[in-house]
Amino acid sequence: MPATKVKRALTTISSQEEAAEPQPSCGQERSCPAPPAPGAGEGRDEAPGRREGRGAAPMAKPAVTAQDLALKQREISVSEFFTKNRHLLGFDNPSRALLATVKEAVDNSLDACQEAHVLPEIFVEVRQIEENRFRVIVEDNGPGIVRQQIPKIFGKLLYGSKFHTLKQSRGQQGIGISAAGMYGQLTTGKPVAITSCSRPGRPAHAYEIQLDTERNQPIVLKEAEVEWKGGRCGTRVEIELEGRYQKGRHSVDAYLQQTALANPHVEITYVPPKGEAVRFERQVESLPPDPKEIRPHPYGVELGVLQGMLKAARGQRLSTFLCTAFSRVSRRTADEICSRAGLKPESRVHLLALEEVERLFKAIGATRILAPPTNCLSPIGEEVILRSLRGQIRADFYSARTRAPVVYRGNPFLVEVGLAYGGELPAEEPITLYRFANRVPLLFQQSACAITDAVLRIDWKSYGLAQPRGSLPIGPAAVLVHVASVWVPFTSESKEAIADYEEIVREIRLALQECGRQMGRFVQRRRREAEAERKRSYIEKYIPHIGEALQEILGLPAQRRASIEENLKDMLERSRS
Ligand SMILES: Nc1ncnc2c1ncn2[C@@H]1O[C@H](COP(=O)(O)OP(=O)(O)OP(=O)(O)O)[C@@H](O)[C@H]1O
Ligand SMILES: [Mg+2]
């Protein structure tokens with residue numbers, strides 16, 4: 001309903017209510033407000049029904065009545081909410097907004113390519129238009145987007161294909177790209193331009209879309225068919241926005257470099273606002289394992305959710321419901337749950353009373369059920385992590401560990417760690433920590449992240465690194481931590497830090513310890529070798545003096561002295577090996 005109509009309707013309701021409900025005067029059952037402060041309410045109209053009765057004490061006029069409030073009470077659309085709270089989505093300042101826009105578009109491109117089993121080729125351009133205005137262009141060779149879906153995807157918050165799907169993907173909320181478009185629109189007034197081809201060899205559909213923030217609905221400004229080169233599918237997104245381009249840890253450059261690190265099957269061409277184009281070459285020619293969609297695991301379901309699921313499955317028998325709604329529930333397990341709950345397997349699910357649902361919930365928790373399937377995850381893999389680290393970091397030692405999948409709140413997840421030590425890494429600075437969630441680099445909120453928490457809880461001294469209290473260890477090392485899950489528990493909608501789930505922190509710690517122990521052994525061996533080398537060069541320095549002394553004491557000829565020195569060097573070499 002348009003705002004004016006809502007207002008009119010509410011005014012009618014409020015005046016009707018007031019007419020129907022006479023206001024009590026002092027002395028009736030309701031409490032009487034304190035007398036007005038001198039001057040209060042002077043010169044203001046009194047609300048209807050609030051005039052003093054004959055002989056009654058004067059009544060204070062409340063600052064605001066429920067009816068006044070009712071006039072203001074209205075629905076808030078999700079896009080209005082995020083317009084005011086854009087910081088929750090990572091758009092709180094111009095440099096962060098620029099990075100978030102690139103990130104949302106690139107993450108979508110990588111997800112789309114993964115789903116379509118296509119080796120991704122991504123083109124990213126950040127074009128400077130004015131001092132603080134940029135045009136972000138991201139093009140992929142993914143499956144494209146069906147024409148009818150384009151307006152909703154780019155012009156409606158909370159619309160996507162991944163929220164209801166339980167499998168590892170970069171996006172999960174259905175808010176990323178439309179939020180980026182909305183930020184662009186707010187700061188420049190320009191629409192998002194999308195060109196997408198979803199059938200090879202056919203024309204692409206080009207759109208210009210704005211978001212009606214009051215209704216959270218798309219407004220299509222332009223629609224046309226255009227040529228799409230290359231004879232394959234793909235999508236090109238262009239967003240103009242107010243931003244600031246910067247280099248360093250929180251830059252677009254760092255994000256793309258780290259994306260290439262965790263996605264070595266990707267090829268990225270990046271045209272920055274200044275300077276030469278950069279190319280991140282593909283390091284592996286095969287796609288990562290394709291994650292499969294799974295059903296929720298019974299252990300992860302909460303009572304209220306179970307109640308909703310039972311209602312939605314109206315008419316189903318209980319045992320059929322348990323087998324089809326959840327993963328890892330066989331007929332036998334379903335019967336076991338039913339008998340533990342004292343419910344008949346053939347009872348109709350929507351007829352269960354709350355108390356019966358509670359029994360069912362408890363019975364699920366008390367029944368042994370297989371852990372959820374783990375083919376919903378797509379780890380990077382130890383070998384690929386090592387290759388990726390070697391490709392980007394010059395070090396003396398590398399190690400990697402992929403842990404077996406486990407579960408938090410019924411959601412499968414796994415942890416991977418890669419570690420590089422020595423070489424060109426700075427020895428006097430804190431280690432470089434690369435955090436990833438579902439292969440996406442996390443560049444902000446390092447201190448609020450479960451990964452950092454786990455790193456801080458390790459005793460790095462025993463692995464050869466210095467460790468000031470409460471901060472990252474110091475030494476020539478870089479650590480990569482990847483958490484992959486069907487649902488990464490981010491601390492906010494901007495998806496920058498992982499929440500401190502005990503199970504997740506524990507897995508990260510174990511993986512770090514495994515790599516840390518290998519690094520510790522390497523550091524020890526290197527120290528021993530350095531010590532031996534020091535002794536050797538010390539002795540080597542004195543061999544000519546020993547030769548000279550022997551020659552003098554024993555009166556040896558010069559030739560004999562030379563052969564003694566040779567023998568001594570030989571002995572030294574042998575003792576070393
Ligand atoms: N380049 C693309 N190619 C194909 N489909 C895309 C592309 N970009 C977006 N989509 C589709 O649009 C949907 C919405 O994207 P959006 O980024 O808003 O949300 P999401 O990726 O599902 O989740 P998140 O908010 O966590 O990023 C996606 O779920 C996907 O189905
Ligand atoms: Mg997304």
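Just so you know, all these numbers are worked out from the coordinates, no wet-lab data involved. In this text the structure is predicted, and so the values were computed from the model without any measurement. Methodologically, a virtual Cβ is constructed for each residue, glycine included, from the backbone with ideal geometry; neighbour enumeration extends over all protein chains shown.
Here are the numbers:
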quantity	calculated
CD proxy at 222 nm, helix term only [per DSSP H run n ≥ 4: -39500 (n - 2.57); per residue of the chain; nearest 500]	-12000 deg cm²/dmol
Listed pairs 162/362; 461/569; 103/162 exceeding 27 Å between Cα atoms	162/362; 461/569
Debye, to nearest 20: dipole size of region 382-523, +1 on Lys, Arg Cβ, -1 on Asp, Glu Cβ	200 debye
Extreme residue, positive dipole direction of region 80-280, given options 186, 260, 237 (C-beta unit charges)	260
Förster radius 35 Å - calculated FRET efficiency between residue 500 and residue 274, Cβ distance, rounded to 0.05	0.35
Cα-based Rg / Dmax (Å) for region 396-478	13.8, 42
Residue-span extension gain [residue 549 to residue 510] - 0.36 nm each, minus C-alpha spacing	8.2 nm
Average silhouette area of region 298-366, convex hull of alpha-carbon atoms, in square nanometres	3.7 nm²
√(5λ) per eigenvalue of the Cα gyration tensor, region 127-253, largest first, Å	23, 18, 17
Kirkwood hydrodynamic radius (C-alpha pairs) into Stokes-Einstein, the chain, 4 °C and 1.567 mPa s, D in µm²/s	44 µm²/s
Anchor residue 167: aspartates and glutamates whose Cα lies under 20 Å away (excluding residues fewer than 8 positions away in-chain)	104, 107, 111, 115, 290, 293, 302, 416, 493, 496, 503, 507
DSSP bridge pairs, the chain: antiparallel proportion in percent, nearest 5	85 percent
Residue exposure sequence - 311, 167, 541 - by fewest surrounding Cβ within 10 Å	541, 311, 167
Distance histogram in 10 Å bins (all Cα pairs of region 294-433, percent per bin)	11, 32, 18, 13, 13, 10, 3
Cleavage-rule hits, GluC sites (Glu not before Pro), region 331-389, DSSP coil, Cβ neighbours within 10 Å at most 14	346
Cα-projected label distance for residue 469 with residue 320, points at 7 Å along beta-carbon direction, nm	6.4 nm
